[in-house]
1. Taking 0.36 nm per intervening residue step and subtracting the Cα-Cα distance, what contour gain separates N103 from S79 on full extension?
2. Hey, what do the phi angles of the stretch 48-55 turn into as Karplus ³J(HN,Hα) couplings, whole Hz, using 6.51/-1.76/1.60 and θ = phi - 60°, x for Gly and Pro?
3. For a quick check: with amide H placed at 1.01 Å from N, whose amide H comes under 5 Å from V83's, ignoring anything fewer than 5 positions away on the same chain?
4. What angle do you read, to the nearest 10 degrees and between 0 and 90, between the alpha-carbon axis of helix 95-108 and the longest principal axis of the chain?
5. Kirkwood hydrodynamic radius, the chain, all distinct C-alpha pairs: what's the number in Å?
6. Determine ³J(HN,Hα), in whole Hz, for all residues of the stretch 62-69 in sequence, where each value follows from phi through the Karplus function 6.51 cos²θ - 1.76 cosθ + 1.60 and θ = phi - 60°; x replaces Gly and Pro.
7. From the phi of every residue in the stretch 14-23, what ³J(HN,Hα) in whole Hz does the Karplus formula 6.51 cos²θ - 1.76 cosθ + 1.60 yield, where θ is phi - 60° and glycine or proline is x?
8. Quick query: amide H of V71 versus all other amide H atoms, modeled in the peptide plane; which residues come in under 5 Å with a sequence gap of 5 or more or a different chain?
Amino acid sequence: MHTPEKHGEMTPVCSNFHNTIEFIGRRWMGVIVYTLMSGPKRFHEIAASIPGISDRLLTERLNELVNEGLVTKTQLASSSKKVEYELTQKGLALKDVIIAIRNWTEQCGRFNHSD
């Protein structure tokens, strides 16, 4: 594992680490993963649990998560139009990370940033 060195000397950031941080840090991505940690959900259930996300952006992010193998999209037998989203084992492996971020936020308060 690459870690920052002490005394001001830094090792280069691993590109896989950088790409992962950027992917999970995309707007709404971590929140969608967090929402799916409680189990499979249909689109409208995810949307209802994330106030402020547009249907278009939710669809885009879910497709990205599916393409990366973090989420599965399953067509329900009851209807050709109804689908359910669920974290894969790879997606579930993020659980400890997401919970650690949630706990950090609860301890440290609101994180303020400007775009």
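1. On the way: separation 24, 0.36 × 24 = 8.64 nm, distance 3.87 nm.
In short, 4.8 nm is gained.
2. Those phi angles translate into 5, 8, 10, x, x, 7, 7, 4 Hz.
3. Counting only residues 5 or more places away or on other chains, the set is F43, L76.
4. 60
5. Numbers: mean 1/r = 0.0626 Å⁻¹.
Mean inverse Cα-Cα distance, inverted, gives 16.0 Å.
6. Using θ = phi - 60°, the values come out as 4, 4, 5, 5, 5, 4, 7, x Hz.
7. My calculation for the stretch 14-23 gives 4, 5, 5, 4, 4, 4, 5, 4, 5, 5 Hz in order.
8. V66, T88
No value in this document is a laboratory result; all are computed from the given coordinates. Model, not experiment: these values are computed from the prediction. Positions of Cβ are generated from backbone atoms using ideal geometry, with glycine treated the same way; all protein chains shown enter the neighbour counts.
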